[in-house]
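Student: The structure is given below, and queries will be raised subsequently.
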Amino acid sequence: MQSIFEQKIKIGISACQFGSKVRYNGKGRDMLQNLGRDRSEFIWTPVCPELTAGMGVPRACIKLSKGNGIDFWNGEAIVKNKEGKDVSSWIKKGSISCMETLERAEIDVFIFMEGSPSCGVYRTSLKNQRLGNPPGTFGALLLQKDIFLIPSVDLQSPIRWWDWKRRMVVFIWLKKQEINNEIDLKEMWKRVSYICHELSEVETSKIKHEIAKIYVSKNNQPESYSKVKKQILDLLRRPAEMEMIKKWLWKNYIHLKEREGVIAEDILEPDILRNMTHVLEEILSIEKKVREKNISFRSSPINYKPKR
Ligand code: SF4
């Protein structure tokens, strides 16, 4: 199993976060400018379900009524605009058309504008801490698919982006792996087990339990392998806690120092107070050293090196 991923990753994005001024009030933000050189490492497909619906810019803002985006697709909720007009059929057409575009573009990842009644996934309101009626109408469609979802607001934080990117790369790598026998399973688990531990000890024990069941029962049915793969993919969607990132950075460093002779003077113990910008500098410095030596860094086990 290759630990280098060379295929350029295809990412869909809410168009208003790609710099297109398509929001109801004619605004938009280029969130990708936060990524620096990373921006050119991906192929982007921006979509706007409300614009594709034919609602134009500027337009009256919309609101889910009688339920969330899932209820909407089940025919139990509707979408109204500020003037009280039912625009449900427009939103349906716009959302389906955008999803078809994303499918043709073969995206594996979508960066969504959180807080929108269309693209929002975990909240559909931007007001204070209110969640609204999540997911939004397009967010509900995104959740049904096997897509890695990233809130655009996290692109503003370099450490958050590092965390999303490393999990995204492992997610897509794993999605494309064929796990057909115990050897494949063992090799895959060797690569991803540490990042799983870092994300959640509880979920990792459940995965380990499932793997142990396969070894003990000699159950080589494809469904058993798929079940483990799905558990890991679900876990990889979950953001890491900042404290865990710090703790595992130290654990990994000690491992690399003892086993591989990697020395980096600037890695601090987890209890030493410092901000996350500093922690990210430590991570990047060790990641660079490890990649130069062509050995594995367990917190980001798959090296993303897209071909130009
Ligand atoms: S949040 Fe989605 S629907 Fe709203 S403007 Fe942005 S891309 Fe369009």
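The values are calculated or read from the model by the stated rules, or taken from the named source; none is laboratory data. These numbers were taken from a predicted model, which means no experiment stands behind them. All Cβ positions, even for glycine, are placed from backbone atoms using ideal geometry, and neighbour counts span all protein chains on display.
Yes/no matrix, rows are residues, columns are (1) part of a helix (DSSP H, G or I); (2) among the small types (Gly, Ala, Ser):
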residue: Ser226; (1), (2): yes, yes
residue: Asp234; (1), (2): yes, no
residue: Pro239; (1), (2): no, no
residue: Glu243; (1), (2): yes, no
residue: Trp250; (1), (2): yes, no
residue: His255; (1), (2): yes, no
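Student: Give me the pairs, please: first residue somewhere in the stretch 100-127 and assigned by TED's automatic domain parsing to the domain that holds Phe18 and among the small types (Gly, Ala, Ser), second residue anywhere and assigned to a helix (DSSP H, G or I) and within 15 Å of the ligand (Cβ to nearest atom), beta-carbon distance under 6 Å, and either six or more positions apart or on two chains.
Tutor: Ser118/Pro49; Ser118/Glu50; Ser118/Thr137; Ser118/Phe138; Gly120/Gly139
Student: Still on this model: So which pairs qualify, if the first residue must be in the stretch 16-28 and more than 7 Å from the ligand (Cβ to nearest atom), the second must be assigned to a helix (DSSP H, G or I), the Cβ gap must be under 6 Å, and the two must be at least 6 apart or on different chains?
Tutor: Pairs that qualify, where the first residue is more than 7 Å from the ligand (Cβ to nearest atom) and the partner is assigned to a helix (DSSP H, G or I), are Gly28/Cys16.
Student: Hey, could you check the stretch 1-51 for residues that are assigned to a helix (DSSP H, G or I) and of a type in the set (Gly, Ala, Ser) and say which is nearest to Lys93 (Cα to Cα)?
Tutor: Filtering first and then ranking leaves Ala15.
Student: Still on this model: Taking only pairs six or more apart or across chains, which ones have beta-carbon atoms under 8 Å, a first residue in the stretch 201-222 that is in a helix (DSSP H, G or I), and a second residue that is among the β-branched types (Val, Ile, Thr)?
Tutor: Listed pairs, sorted by first residue: Ile207/Val228; Ile207/Ile232; Glu210/Val228; Ile211/Val228; Ile214/Val228.
Student: Just to be sure I understand, how many residues within the stretch 29-70 are within 13 Å of the ligand (Cβ to nearest atom), polar (S, T, N, Q) and closer than 26 Å to Gly84 by Cβ?
Tutor: Matching residues across the stretch 29-70 total 1.
Student: Could you give every pair whose Cβ atoms fall below 6 Å, whose first residue belongs to the stretch 228-244 and is among the basic types (Lys, Arg), and whose second residue is modelled with pLDDT of 90 or more, counting only separations of at least 6 or pairs across chains?
Tutor: Qualifying pairs under 6 Å: Lys229/Ile179; Arg238/Leu199.
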